[in-house]
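Take a look at the structure set out below.
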Amino acid sequence: MKRGAMKILFAASEAYPLVKTGGLGDVLYSLPHALHDRGADIRLVLPGYRALLRQLDPMRILGWLDVRGAEGMVSARILETRHPDFAFPLWVIDCPPLFDREGNPYVDASGQDWPDNAERFAVFARVAALLAQDALNLGWQPAVVHMHDWQTGLVAALLAEQPRRPKTVFTIHNLAYGGYFPSSDFVRLQLPSHWWSPEGAEFHGVFSMLKAGIVYADAVTTVSPTYAQEICTPEFGYGLDGLLLSRQYKLHGILNGIDTRIWNPSTDPHLPAHYSVSRIQPGKRRNKRALLERFLPQADDAALQAPLLGLVGRLVEQKGIDWVLAAIPVLLAETDVRLVLLGSGQAMYERKLARLARQHPQRIFIEVGYDEPLAHRIEAGADLFLMPSRFEPCGLNQMYSLRYGTPPVVFKTGGLADTVVDATEAALQDGSATGFVFDVPDVAAFLDALRRALDLYRQPAQWRRLQQAGMRQSFGWSESADRYLALYST
Ligand code: ADP
Ligand code: GLC
């Protein structure tokens, strides 16, 4: 490590490939690596979930820190490890009563929030804030602490109390998750009483860890320029729009990048065949065949020639799954499309999708669950990628699909609006078109975009131009990592 390199402590609740529930995990892998590549000295601190500890080799104990929990003091062991996928050391907060359990970082097996989430992430934040002040005397004092989403919001609030402290940067990946907890948790955790105010972390009688991050961090960022504007409006602000508007002086929209080493159709180890922008076929077609054959042992020519729509994502309202459910029967009647969908989330969506698949076993293929290799194969094997999110702070899947020559169909919002160029006549002519964008939030507009897409799919030369334009986009981290570095330094 270069002398004088900027020391940055990342605090987050997930990081690919160790623990990931969505795009947050991807960013917590690729952004710190992009900064490391630019000479920064990084540590990433994560909660010691059971699933995480299981994947890590024996670790060095850095020390113990005792902090206030819900029922008294809680002891956390701080571990350091090197992992082959990470170019910098990981710090893990090992506190078995809070993190050593089966399942998801945030919810139990039945999908309910862990009842002690307030304590889990307050303790995580207290320990992370101490590490940010080098409480273990490791001789590693960060200049900046970069926190992500509500799980880390209290780190900013705790550090704001300290006279000598690192700069704090808080990134909102999704304003829909506010980390709201009742006042009884606030009291039990003995959080500073002056935070309990509309000017602080209180929000209409409860408290919000996300709001704490927004109020107390030195700088707040969100993951696309359009979303940075949208969250300052009542439509997207979840009641925090007024606060965000008043903090515009410290609010920045910085578009996420993608990890172009992991998401690369010419090297991706999950793909049965590789391809690149200079030669899309026959590689892409082989991926389509393999994907279809996973669901239809005898994929005939009709299936191979029909447009294959793909969708990968959390099955929640945000992702416009109800629009997809409403559009499918119309598309099945009007066209010969097939659909392959991978996702998990709300039981109601899982049930409805499974029913559709049972009704149309030759045309609708649903995989409920979480499957990283299959996500890659869908990005590569589908012809069109569906991402009709009602709101989308950034979205990574549409960028993956562009890079894989699978034009996306998206609603004009957040990062989707910032990354996909609609195939209008003019954009097709000048070669800037990369996908299909609809700007009225309803099924009719979504269907209209799908019909335009299917029309163009039948025009191979135009289609290839569209694929090539998407594959040539540079969605790497260079520009955005430089913007973060500039922000850290001001
Ligand atoms: P969000 O973070 O809102 O879920 P993004 O598009 O930013 O949306 O990122 C989603 C990430 O999670 C992508 O890497 C995507 O491939 C992955 N993903 C989502 N659902 C699944 C799933 N069921 N199986 C595998 N990967 C998934
Ligand atoms: C959130 C958002 C998504 C974004 C991701 C990474 O999960 O929903 O739009 O891409 O975080 O920043």
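The values are calculated or read from the model by the stated rules, or taken from the named source; none is laboratory data. Owing to the predicted nature of the structure, the values given are computational and were not obtained by experimental measurement. FYI the Cβ positions are ideal-geometry reconstructions off the backbone, even for glycines, and counts take in every protein chain you see.
Taking residue 335 as meeting all but one of (1) within 16 Å of ligand 2 (Cβ to nearest atom); (2) modelled with pLDDT of 95 or more; (3) among the hydroxyl-bearing types (Ser, Thr, Tyr); (4) surrounded by fewer than 22 Cβ atoms within 10 Å (Cβ to Cβ), write down the number of the exception.
(1)
For a quick check of your reading of the model, give me the residue pairs whose first member lies in the stretch 318-342 and is free of Cβ contacts under 8 Å to residues at least 40 places away in the same chain and assigned by TED's automatic domain parsing to the domain that holds residue 354, whose second is within 16 Å of ligand 1 (Cβ to nearest atom) and small (Gly, Ala, Ser), with beta-carbon atoms closer than 7 Å and at least 6 apart or on different chains.
342/375
Conditions (1) more than 25 Å from the chain's Cα centre (by Cα); (2) within 16 Å of ligand 2 (Cβ to nearest atom), marked per residue:
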| site | (1), (2) |
| --- | --- |
| 416 | no, yes |
| 421 | no, no |
| 434 | no, no |
| 442 | no, no |
| 448 | yes, no |
| 456 | yes, no |
| 465 | yes, no |
| 469 | no, no |
| 474 | no, no |
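Do we find that residue 252 is over 20 Å from the mean Cα position of the chain (by Cα) and modelled with pLDDT of 95 or more in this structure?
No.
Take the residues in the stretch 151-176 that are in contact with a Phe, Trp or Tyr (Cβ under 6 Å, 6 or more places away or on another chain) and within 26 Å of residue 234 (Cβ to Cβ), then tell me which one is nearest to ligand 1 (Cβ to nearest atom).
For the stretch 151-176, the residue satisfying everything is 175.
Return yes or no: is residue 65 of a type in the set (A, V, I, L, M, F, W, C), assigned to a strand (DSSP E or B) and under 20 Å from the mean Cα position of the chain (by Cα)?
no
So, of the residues in the stretch 358-376 that are part of a helix (DSSP H, G or I) and away from ligand 1 (no atom under 15 Å from the Cβ), which turns out to be nearest to residue 332 (Cα to Cα)?
Out of the qualifying residues, it is 359.
Is one or more of the residues making up the stretch 38-49 without any contact (Cβ under 8 Å) to a residue 40 or more places away in the chain and more than 16 Å from ligand 1 (Cβ to nearest atom)?
yes
Give all pairs with beta carbons closer than 7 Å in which a residue from the stretch 343-357 that is in the same structural domain as residue 325 (by TED's automatic domain parsing) and under 14 Å from residue 320 (Cα atoms) meets a residue that is part of a helix (DSSP H, G or I) and within 16 Å of ligand 2 (Cβ to nearest atom); count only pairs at least 6 apart in sequence or on separate chains.
These pairs meet every condition: 349/321.
Can you name every residue in the stretch 202-217 that is free of Cβ contacts under 8 Å to residues at least 60 places away in the same chain and either within 16 Å of ligand 2 (Cβ to nearest atom) or part of a loop (DSSP other than H, G, I, E, B) (or both)?
204, 205
So which strands (runs of 3 or more DSSP E) are wholly in the stretch 377-490 and hold at least 2 residues that are touching a residue at least 40 places away in the same chain (Cβ under 8 Å) and in contact with a Phe, Trp or Tyr (Cβ under 7 Å, 6 or more places away or on another chain)?
Strands (runs of 3 or more DSSP E) meeting the threshold: 408-411.
Please enumerate the residues belonging to the stretch 338-357 that are more than 16 Å from residue 408 (Cα to Cα), within 10 Å of ligand 1 (Cβ to nearest atom) and modelled with pLDDT of 95 or more.
343
Is it the case that residue 178 is more than 16 Å from ligand 2 (Cβ to nearest atom), in contact with a helix residue (DSSP H, G or I) (Cβ under 8 Å, 6 or more places away or on another chain) and within 28 Å of residue 369 (Cα to Cα)?
No, not satisfied.
Condition check: within 16 Å of ligand 2 (Cβ to nearest atom) and among the aliphatic types (A, V, I, L, M). Does residue 316 satisfy that?
For residue 316, the condition - within 16 Å of ligand 2 (Cβ to nearest atom) and among the aliphatic types (A, V, I, L, M) - is met.
Residues to consider are 291, 309; find the one that is away from ligand 2 (no atom under 16 Å from the Cβ), at pLDDT 95 or above and touching an Asp or Glu at 6+ places or on another chain (Cβ under 8 Å).
Checking each option against the conditions leaves just 309.
Is one or more of the residues making up the stretch 265-280 part of a helix (DSSP H, G or I), surrounded by 19 or more Cβ atoms within 10 Å (Cβ to Cβ) and within 16 Å of ligand 1 (Cβ to nearest atom)?
no
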